[in-house]
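What follows is one structure encoded as structure tokens, with my remarks underneath.
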Amino acid sequence: MYRYLLIDNDDTLMDFHLAEQHALGDTLRRHGIPDSEDILSQYHAINQALWKALERGETTQAELKVERFRQLLAALGKDESRATELGEDFADALGNCNFLLPGAEAFLRRVSAAMPVALITNGLSRIQRSRLATSPLTPMLSAVIISEEAGVAKPDPRLAFLSLEALGCDLNDSLWTAKALAECPGLVEQVHRDFFRAGADCGITCSYQATIPGLMAKGYPLAQGEALISRSVALFLRAREAWWEAEGKAAGRAYPLCLGAVGPYGAYLADGSEYRGHYGVSDQVLRDFHRRRMELLWAAGADLLLIETQPSLREAQIEAEIAEELGAAYWISFACRDEGHIHEGDSIEACARAFATGYPGLQMLGVNCTPPAYMEALIHRLCQNTSLPVAVYPNSGEEYDPRTKGWHGQQAGPSFGEYAERWMRAGAKAVGGCCRTVARHIGEVAAARRRVLGLDEG
């Protein structure tokens, strides 16, 4: 049973090609530029390249609005200073074109009678709002989310989450993203594909906060809770196969590893305890809590178990023991409060030395969900105290509020890509992103890797 519909605008409800054709032709002619097939073809090639750059985080929509006309004028040997005026006139013209695709109005009328509908679209607010203002679709929409207003653009999954929140889907929940396993599995698959497309060679299942006690506390029977945990792997595998066959294999990409995410006991508590530790429970409680989920993830086909965001050395050791008993390959990743200590207070050096022997299934040691500014020092400390490869995947630099289950503030300092290059040169063998990082950040990491390997030279 579907509860919400998130729907695109252009070429889904409205005929953007026709609108653009009319608006662009009018704008060019107004400025004395022929709207010939050759000139239109040049514009479309420039515009498409810039939109792809926008999706990669390499430009902004405000820049794109002017830059596409600046490049066109340059290609035609005309005065580039007219680009801003052309951009403004085109925006005005496009805002007056709201041609509907056949059947769009009837379709939306039927669907909106059954469930709330959110329009989720990339584009300039001025244009999209103007088109919608005179459209018969507007009364049928419960929410309109436009990328320029949101500050993020598709394929960034935050745009979808903003839409869900606008429709009344509360993500302030003890299950956090695990809700998506039950309520919007298609979105989970899409996020995986977006990350593969951005350059990820491995990915993490949506099981960090999917625990049997947590799911049962929200009303899921035991069997259904276990099925949802297994589903997190199945969704990853399905997304991986679809992307691999459609894009990855032909592009010569690596076949992405599936990392079965095992969050700490503190994540289940849903009160920020994963950033404090010191739960006050016995080793046996932790063992019983973790074992069944780890069994399910491994049996479902994960390539590795990812014991992540660990604030506690002892909890990490217990989970490692379980992984060894299962015969599973696994990584361990700690969450750190500063440049040298995990949240319970143990030094990162002590954590590394604790896993020096006796854990043959352990393949990598690292740090995640920690501010980017701490990572370089942590990498050096780990590399000096372990022979294992080191992985780092920090959060965006924002701060977590356990009351709202949300992240606040802004990343300060270098860009994520600049940081990633530093981490690789410091010795990290795997680099990625955790909370609040999106496909764009992974694209920056992939670009950093090419620079470090010298693949962009020449």
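The values are calculated or read from the model by the stated rules, or taken from the named source; none is laboratory data. All of these numbers come straight from a predicted model, not from anything done at the bench. Don't worry about glycine lacking a Cβ; one is built from the backbone with ideal geometry, like all the others, and counts go over all protein chains shown.
Some values worked out for this structure:
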{"read-out": "Options 45, 49, 23, 53: the member that is at pLDDT below 90, in a helix (DSSP H, G or I) and either among the basic types (Lys, Arg) or in the same structural domain as residue 142 (by TED's automatic domain parsing) (or both)", "value": "53"}
{"read-out": "Checking residue 261 against (1) within 21 Å of residue 319 (Cα to Cα); (2) not in a strand (DSSP E or B), the condition it does not meet", "value": "(2)"}
{"read-out": "Residue tally, condition in a helix (DSSP H, G or I) and closer than 12 Å to residue 14 by Cα, over the range 98-113", "value": "3"}
{"read-out": "Flag for residue 286 being surrounded by fewer than 22 Cβ atoms within 10 Å (Cβ to Cβ), of a type outside the set (D, E, K, R), modelled with pLDDT of 90 or more and not in a loop (DSSP other than H, G, I, E, B)", "value": "yes"}
{"read-out": "Scan of the range 17-64 for residues that are closer than 24 Å to residue 101 by Cα, among the charged types (D, E, K, R) and buried (at least 16 other Cβ atoms within 10 Å of the Cβ), ordered by number", "value": "20, 26"}
{"read-out": "Test: residue in the range 173-195 that is among the aromatic types (Phe, Trp, Tyr), at pLDDT 90 or above and farther than 19 Å from residue 290 by Cβ", "value": "no"}
{"read-out": "Hits in the range 355-395 - residues which are surrounded by fewer than 19 Cβ atoms within 10 Å (Cβ to Cβ) and among the small types (Gly, Ala, Ser)", "value": "356, 358, 361, 373, 377, 387"}
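Per-residue answers, yes or no, for (1) over 25 Å from residue 417 (Cβ atoms); (2) assigned to a helix (DSSP H, G or I); (3) modelled with pLDDT of 95 or more; (4) not assigned by TED's automatic domain parsing to the domain that holds residue 214:
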{"residue": "315", "(1), (2), (3), (4)": "yes, yes, yes, no"}
{"residue": "319", "(1), (2), (3), (4)": "yes, yes, yes, no"}
{"residue": "322", "(1), (2), (3), (4)": "yes, yes, yes, no"}
{"residue": "370", "(1), (2), (3), (4)": "no, no, no, no"}
{"residue": "373", "(1), (2), (3), (4)": "no, yes, no, no"}
{"residue": "378", "(1), (2), (3), (4)": "no, yes, yes, no"}
{"residue": "386", "(1), (2), (3), (4)": "yes, no, yes, no"}
